[in-house]
Ligand code: SF4
């Protein structure tokens, strides 16, 4: 296995010094990487993510295609430092540890994965396997995000999850035994049939497990899902009303804070120092490259997404590999990554400022005036003075030492507040 971080002496001499490494790479700033794995054992009833059941043969073809795409990328110079990697989906844990290992190897050949990189993978408790988890840990993965969703079997059954609450606990214990000391668990509120009491009980059990991080999202009924059809035909058990939903949210914040988990983003809570670095990058404008179908990227001031067409993605990657094997030298220059790419958009200065505001305000720390000025060469007041003053007067925003953040009331209506920063 080629391990760039261990075989390249040039870099090895500086393995503990990020700044030196950046200088060596001509000042190249670090990026994050997202890998999309679009496979699930079975589709959950509420899910509109790009995922579905596939055969082992298709999974293997997809892994080979991913490896090809990673090797063909030309958006970042070879050896660009990588500070976070996130395997999301879908259910990345349906892949074997060997397949994940080969994807990691391809990343190491193409990029310089920093020694302290956060490398996360989403795991469905229904796919947990002790040997796989140990192998993943050995392969450098150091953070797991486990889709627990609820501690109540009836709620899990309605969601169409493939696991029960006891299996989720077993998966968590297996991850600990494999050596993962940085684990998130996902929980969902506002579920059909859920009461304030069952939500509070899920939270109570979750903190007993002592994960480092808890993501607590409200269910959204997405069009085109089985839940949406059941909802429209009146067959879905009652959803918590708006007032109950809001009291669940406020209770979550208070209860988790009492147990040491501070909210640092609208739906995310962490023990001190255990915030998810990968997701924080999304909210703070850090560049990232996405690989796999539907994966989004933001590099060099440009946003783009890969095709969401599974067959088209496989064909492009396999054709590119065949061209390479035939020694046709036009395959990279024409650009595999260009072929599979859709929705390429170069952000204007105004759009970058908008993103800075509406993503930054998701964070509890809010937006920094100094950071804004250094990026955009104007002050927050010059760009957004009237709207900021209005939000402060309405009790939706409050000043921080160096900028502004949402108040509790502003958090309750955050979509409304953030929309005001779109020009
Ligand atoms: S496991 Fe996740 S990605 Fe897969 S169907 Fe369920 S919610 Fe969707």
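The values are calculated or read from the model by the stated rules, or taken from the named source; none is laboratory data. Here the structure is a predicted model, which means the values were calculated and not measured. As a convention, Cβ positions derive from the backbone with ideal geometry for all residues, glycine included, and neighbour counts pool all protein chains shown.
What about residue 365, is it under 24 Å from the mean Cα position of the chain (by Cα) and either part of a loop (DSSP other than H, G, I, E, B) or under 30 Å from residue 69 (Cβ atoms) (or both)?
yes
Quick one: in segment 44-67, which of the residues that are modelled with pLDDT of 95 or more and in contact with a strand residue (DSSP E or B) (Cβ under 7 Å, 6 or more places away or on another chain) is farthest from the ligand (Cβ to nearest atom)?
The residue in question is 66.
Report, by residue number, each residue of segment 206-218 that is touching a helix residue (DSSP H, G or I) at 6+ places or on another chain (Cβ under 8 Å) and either modelled with pLDDT of 95 or more or in a loop (DSSP other than H, G, I, E, B) (or both). Give the steps one after another, and end with the answer.
Pass one, segment 206-218, residues touching a helix residue (DSSP H, G or I) at 6+ places or on another chain (Cβ under 8 Å): 207, 209, 211, 214, 216, 218.
Of everything in segment 206-218, those that are touching a helix residue (DSSP H, G or I) at 6+ places or on another chain (Cβ under 8 Å) and either modelled with pLDDT of 95 or more or in a loop (DSSP other than H, G, I, E, B) (or both) turn out to be 207, 209, 211, 214, 216.
Condition first: outside any helix (DSSP H, G or I) and touching a strand residue (DSSP E or B) at 6+ places or on another chain (Cβ under 6 Å). Now tell me which residues in segment 219-262 satisfy that.
219, 261
State which residue is nearest to the ligand (Cβ to nearest atom) when the search covers only segment 119-144 and only residues that are under 17 Å from residue 186 (Cβ atoms) and touching a strand residue (DSSP E or B) at 6+ places or on another chain (Cβ under 7 Å).
The selected residue is 124.
Name the residue, out of 70, 35, that is closer than 19 Å to residue 310 by Cβ, at pLDDT 95 or above and within 16 Å of the ligand (Cβ to nearest atom). Spell out how you get there, then give the answer.
On the way: 70 fails: within 16 Å of the ligand (Cβ to nearest atom).
Exactly one of 70, 35 is closer than 19 Å to residue 310 by Cβ, at pLDDT 95 or above and within 16 Å of the ligand (Cβ to nearest atom), namely 35.
Results for (1) more than 16 Å from the chain's Cα centre (by Cα); (2) closer than 21 Å to residue 106 by Cα; (3) buried (at least 16 other Cβ atoms within 10 Å of the Cβ), shown as yes or no for each residue.
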{"site": "268", "(1), (2), (3)": "no, no, yes"}
{"site": "271", "(1), (2), (3)": "yes, no, yes"}
{"site": "280", "(1), (2), (3)": "no, no, yes"}
{"site": "313", "(1), (2), (3)": "yes, yes, yes"}
{"site": "351", "(1), (2), (3)": "yes, no, no"}
{"site": "358", "(1), (2), (3)": "yes, no, yes"}
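List the pairs whose first member sits in segment 119-131 and is over 24 Å from residue 81 (Cβ atoms), whose second member is away from the ligand (no atom under 15 Å from the Cβ), and whose Cβ atoms are under 7 Å apart, counting only residues at least 6 apart or on separate chains?
128/170; 128/174; 130/174; 130/177; 130/178
Scan segment 145-177 for residues that are in contact with a helix residue (DSSP H, G or I) (Cβ under 7 Å, 6 or more places away or on another chain), under 22 Å from residue 278 (Cα atoms) and away from the ligand (no atom under 13 Å from the Cβ) and jot them down.
172, 175
If residue 78 satisfies all but one of (1) crowded, with 18+ Cβ neighbours inside 10 Å; (2) away from the ligand (no atom under 16 Å from the Cβ); (3) over 20 Å from the mean Cα position of the chain (by Cα), what's the number of the condition it fails?
The one condition residue 78 does not meet is (1).
Take segment 272-288 and flag every residue that is more than 17 Å from residue 355 (Cα to Cα) and assigned to a loop (DSSP other than H, G, I, E, B).
Within segment 272-288, 272, 273, 274, 275, 276 meet the criteria.
Give segment 83-94 a look and list any residue that's within 15 Å of residue 295 (Cβ to Cβ) and either within 16 Å of the ligand (Cβ to nearest atom) or surrounded by fewer than 24 Cβ atoms within 10 Å (Cβ to Cβ) (or both), or say none. Give the steps one after another, and end with the answer.
Residues of segment 83-94 within 15 Å of residue 295 (Cβ to Cβ): 84-90, 92.
Of everything in segment 83-94, those that are within 15 Å of residue 295 (Cβ to Cβ) and either within 16 Å of the ligand (Cβ to nearest atom) or surrounded by fewer than 24 Cβ atoms within 10 Å (Cβ to Cβ) (or both) turn out to be 86, 87, 88, 89, 90, 92.
Against the conditions (1) at pLDDT below 95; (2) within 20 Å of the chain's Cα centre (by Cα), where does residue 26 fall short? Just the number, please.
It fails just one condition, (2).
Within segment 143-158, how many residues turn out to be buried (at least 20 other Cβ atoms within 10 Å of the Cβ) and either modelled with pLDDT under 95 or part of a helix (DSSP H, G or I) (or both)?
Count: 3.
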